[in-house]
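To keep things clear, I will list the structure first and then write my remarks on it.
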Amino acid sequence: MFAEPSPKCRELLDRLDAFYAEHIYPNEERYHREMDAFRRQGNAWQVSPLVEELKPKARAAGLWNMFLPHPYEGNGGISNLDYAPLCEVMGRAGWSAEVFNCSAPDTGNMETLERYGTPEQKTEWLRPLLAGEIRSAFLMTEPAVASSDATNIQCSIRREGDEYVINGRKWFSSGAGSPRCKLFIVMGKTDPDAPRHAQQSMVLVPRDAKGVTVLRHLSVFGYDDAPHGHMEVLLQDVRVPVTNMLLGEGRGFEIAQGRLGPGRIHHCMRSIGAAERALEMMCARLRERIAFGKPLAEQSVWHERIAESRCLIDQARLLTLNAAWRMDMVGNKAARAEIAMIKVVAPNMSCKVVDWAIQAHGAAGVSQDFWLAEAYAHQRTVRIVDGPDEVHRNAIAKLELAKGR
């Protein structure tokens, strides 16, 4: 079923591969030099000149907003199945997705606005996001509760006349560090007495609204992930018009399920790209390094790890393509088992393959001279973001048990 990409996907994939060969891979060192220079200046939260330089080239190549499944004013209109191989390529260089306006959390936020926003909300926020003029953040996770259960969220969204008043503390708010971030999508509680899954709502909050304070950035294994970052945000008596509510009061959990499904599978696609690149680096290193009188590539333990990596990557890719196909055919909700399965499988697979690649590089593998340490930190994080492994395994088990009733 998934042996070959469709003609549309193949054509986009060829263009994307050519773009990476010409503009991304040759500039990886430059990107990191730019960001390191910003850090030495004492402010890593600056727009990358390289990324801004490459964005017009990506648009000219027709490689812009490829993630959007439903067409909106000439943007998007690609199936999840067709997007999967493209997203995999973007996983080979973590910073590169923004060049194509396909980076998280903006992709999920734009899909949310396209799917649930009013015409006025789309005009104000979706259009500039699709144009790459601004960025956005998603504020769901809270430090005081186990946010893997979205019904635990305690941030208060209280209506007063024609306004909502928001109070709460969020953290690991992805994208909130960007100097171009102009919009927060905030999940909070509008009715604590409603049924469990009808207590939550989502509201649009301008980044510069009075009462919004970004307290600090939170590192991930020591990486700041600048310039987009993960921030702790305090919301104190933040007031927004009632027209900023998404879909309606009590619909937040529903929106979260709709938003996180595509986001989860995008993470998995990028994880496969990272694992594929790690395997390539592993093989190259093993061919060139001599130990105990022969290349490491000729030693049997590495044969086993190379073979196992290839099997694991291809298994994960097929499972991801199946989930993407199911999402296209029956919708995100009906494909929840497939999404949950790949969300468990892909990051665990990628962690293992990247770990073996680190081992093949020896001490160099954990240094800043290679991409692998950064890749491992990110892949380990994917086992937590958009729901930890345990939550997805629990969902899979419940669906299996329900079959016997």
Among what's in region 311-344 and is of a type in the set (Val, Ile, Thr) and buried (at least 20 other Cβ atoms within 10 Å of the Cβ), pick the residue that is farthest from the chain's Cα centre (by Cα). 313
Residue 6 is checked against (1) within 21 Å of residue 320 (Cα to Cα); (2) free of Cβ contacts under 8 Å to residues at least 60 places away in the same chain and fails just one. What number does that condition carry? (2)
Taking the condition in contact with a strand residue (DSSP E or B) (Cβ under 7 Å, 6 or more places away or on another chain) and either closer than 26 Å to residue 273 by Cα or crowded, with 24+ Cβ neighbours inside 10 Å (or both), does residue 105 pass? yes
Note on region 34-57: residues among the hydrophobic types (A, V, I, L, M, F, W, C) and farther than 17 Å from residue 101 by Cβ are 35, 37, 38, 44, 45
Out of the residues in region 237-255 that are closer than 11 Å to residue 117 by Cα and surrounded by fewer than 19 Cβ atoms within 10 Å (Cβ to Cβ), state the one that is farthest from the chain's Cα centre (by Cα). 243
Please verify whether residue 151 is outside any loop (DSSP other than H, G, I, E, B), outside the structural domain of residue 237 (by TED's automatic domain parsing) and out of contact with any Leu (no Cβ under 7 Å at 6 or more places or on another chain), treating the condition exactly as stated. no
Residue under question is residue 75, and the condition is that it be over 27 Å from residue 354 (Cα atoms) and touching a strand residue (DSSP E or B) at 6+ places or on another chain (Cβ under 7 Å); does it hold? no
Examine region 211-220 for a residue that is of a type in the set (D, E, K, R) and under 20 Å from residue 41 (Cα atoms), and state whether such a residue exists. yes
Matching residues, region 326-351, being in contact with a Ser or Thr (Cβ under 8 Å, 6 or more places away or on another chain) and either within 25 Å of residue 372 (Cα to Cα) or assigned by TED's automatic domain parsing to the domain that holds residue 91 (or both): 342, 346, 347, 349, 350
Just one listed residue, out of 308, 304, is within 28 Å of residue 342 (Cβ to Cβ) and loosely packed, with under 13 Cβ neighbours inside 10 Å, and it is 304
Scanning region 256-275 for residues that are closer than 16 Å to residue 316 by Cα and of a type in the set (A, V, I, L, M, F, W, C), which turns out surrounded by the most Cβ atoms within 10 Å (Cβ to Cβ)? 268
Given (1) under 16 Å from the mean Cα position of the chain (by Cα); (2) surrounded by fewer than 24 Cβ atoms within 10 Å (Cβ to Cβ), identify the lone condition not met by residue 148. (1)
Being of a type in the set (A, V, I, L, M, F, W, C), free of Cβ contacts under 8 Å to residues at least 60 places away in the same chain, in contact with a helix residue (DSSP H, G or I) (Cβ under 8 Å, 6 or more places away or on another chain) and more than 17 Å from residue 280 (Cβ to Cβ): is that true of residue 366 here? yes
With 78, 24 as the choices, which residue is among the β-branched types (Val, Ile, Thr), in contact (Cβ under 8 Å) with a residue 60 or more places away in the chain and either within 23 Å of residue 323 (Cβ to Cβ) or touching a Phe, Trp or Tyr at 6+ places or on another chain (Cβ under 8 Å) (or both)? 78
Conditions (1) surrounded by fewer than 17 Cβ atoms within 10 Å (Cβ to Cβ); (2) on the phi > 0 side of the Ramachandran plot -> residue 387 fails only (1)
Against the condition under 16 Å from residue 320 (Cβ atoms) and either in the same structural domain as residue 276 (by TED's automatic domain parsing) or touching an Asp or Glu at 6+ places or on another chain (Cβ under 9 Å) (or both), how does residue 85 come out, does it pass? no
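The values are calculated or read from the model by the stated rules, or taken from the named source; none is laboratory data. On a predicted model such as this, the values are computed, not experimentally measured, just so you know. Cβ atoms come from the backbone with ideal geometry, glycine included; neighbour counts cover every protein chain shown.
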